[in-house]
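Visitor: Okay, here's the structure, questions in a sec.
Taken together, the values in this text are just the output of simple stated rules run on the coordinates, not laboratory data. Predicted model only: the values in this text are computed from it and were never measured. Positions of Cβ are backbone-derived with ideal geometry, glycine not excepted, and every protein chain shown enters the neighbour counts.
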Amino acid sequence: MAVEQEAGGGLEIHPMDQFIVKPLFGGDAVHWYTPTNATLWMFAALLGIVLLLVVGTRGRAIIPSRIQSISELAYGFVYKMVEDVSGKDGLKYFPYIMTLFLFIVFANFLGLLPMAFTPTSHIAVTATLALAVFIAVTVLGVVKNGVSFLGLFWISSAPLVLRPILALIEVISYFVRPVSHSIRLAGNMMAGHAVIKVFAGFAGVLGLGAIAPILAITAVYALEMLVSFIQAYVFAILTCVYLRDALHPAH
């Protein structure tokens, strides 16, 4: 429960309870093989992607249906983003970035449903996605460029005396990428959902006088819908930036 009445008449609100990972089929222990609510909603996100891109476009109608129009719009949006940021060389990695973007979009929006769970509010999920990107672009950069990949850290346009210092800063910032990449997404999703839960708790207690909390919930919910899309976009466009650095590391 998000809201509880204390014995003394006080009010307890537990907005973080919604982020607890629980086994789907009872019990308290969660092992690596245990199906959980996080597993269920990640699977739901994958199912949503399949329905959108496979089932929704199987007709390939000249006059597209609504779902086909959405899938084509999403395809064109991500394709243009990859091409603009990473260049023509990055288009061969478009399927991976498209999958990342849609998975985060579906996970974020499904998490806004009542009684749902938001996998992207957990750092374990977002860190896995961020580490996969970090490792992939690093390996790609080394394989494709060899020693020249180190040019990513050497700013040749800077004064010679500053280059070693800047190189150290660049190395540190490079290895911090997966941290910022993952925390940004998880933090934004967790914060928004927690705020909604707090206002929902007040609305439940106030009853008929809950107009202000309900209006606040509506406003925050609308903002969360926008944030859900923006955070998926930010994650995808940063992936494109990292891909561009791996393909063209020289400053």
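Visitor: Among the helices of the chain (complete DSSP H runs), which have Cα atoms covering no less than 27 Å along the helix axis and a Kyte-Doolittle mean of at least 0.5? Walk me through the numbers on the way to the answer.
Guide: Numbers: long enough: 66-86 (30 Å, 0.20); 123-145 (32 Å, 2.07); 163-206 (61 Å, 1.06); 211-247 (54 Å, 1.68).
In the chain, the long hydrophobic H runs are 123-145, 163-206, 211-247.
Visitor: Based only on the alpha carbon positions, what is the Kirkwood hydrodynamic radius of segment 135-180, in angstrom?
Guide: On the way: mean 1/r = 0.0874 Å⁻¹.
One over the average 1/r among Cα pairs gives 11.4 Å for segment 135-180.
Visitor: So, one more: How high is the relative contact order of the chain? Use alpha-carbon pairs under 8 Å, at least six apart in sequence, and give a whole percent. Mind showing how you got there, number by number?
Guide: Working: 277 pairs, mean separation 62.9, N = 251.
Dividing the mean separation by the residue count of the chain yields 25 percent.
Visitor: Can you find, among F106, V125, G141, the residue sitting farthest towards the positive end of the charge dipole of the chain, where Lys and Arg contribute +1 and Asp and Glu -1 at Cβ?
Guide: Result: G141, furthest along the dipole toward the positive end.
Visitor: As an exercise, take the mean of 1/r over every pair of distinct alpha carbons in segment 35-167, invert it, and state the Kirkwood radius in angstroms.
Guide: Numbers: mean 1/r = 0.0563 Å⁻¹.
Final number for the Kirkwood radius of segment 35-167 is 17.8 Å.
Visitor: Tell me the mean residue ellipticity at 222 nm calculated for the chain from its helices only (DSSP H runs of n ≥ 4, each -39500 (n - 2.57), averaged over every residue, nearest 500).
Guide: It comes out at -22000 deg cm²/dmol, rounded to the nearest 500.
Visitor: Can you list residues whose amide H is under 5 Å from A250's amide H, if they're 5+ apart or on another chain and H is modeled 1.01 Å from N?
Guide: So A250 has HN proximity to no qualifying residue.
Visitor: Could you work out how much longer the chain between K22 and A132 gets when fully extended? Use 0.36 nm per residue separation minus the Cα distance between them, nm to one decimal. Mind showing how you got there, number by number?
Guide: On the way: separation 110, 0.36 × 110 = 39.60 nm, distance 2.51 nm.
So the chain would gain 37.1 nm between K22 and A132.
Visitor: Please list log₁₀ I(q)/I(0) at q = 0.12, 0.14 Å⁻¹ for segment 99-166, using the Debye equation with identical point scatterers on the alpha-carbon positions.
Guide: After summing over all Cα pairs, the log10 values are -0.56, -0.65.
Visitor: Taking just the alpha-carbon atoms of segment 138-251, what radius of gyration and Dmax come out, in angstrom?
Guide: Both quantities, over Cα of segment 138-251: 21.9, 69 Å.
Visitor: Once amide H atoms are placed 1.01 Å from N in the peptide plane, what residues at a sequence separation of 5 or more from T36, or on another chain, have their amide H within under 5 Å of its amide H?
Guide: Those lying under 5 Å, H to H, from T36 are L24.
Visitor: What translational diffusion coefficient, in µm²/s and rounded to a whole number, does the Stokes-Einstein relation yield for the chain at 25 °C and a viscosity of 0.890 mPa s, taking the hydrodynamic radius as the Kirkwood radius over Cα pairs?
Guide: On the way: Rh = 20.8 Å.
This corresponds to a translational diffusion coefficient of 118 µm²/s.
Visitor: Could you give the length gained by full extension between L113 and R184, i.e. 0.36 nm per residue of separation minus their alpha carbon distance, to one decimal place?
Guide: Extra length from L113 to R184 when fully extended: 23.4 nm.
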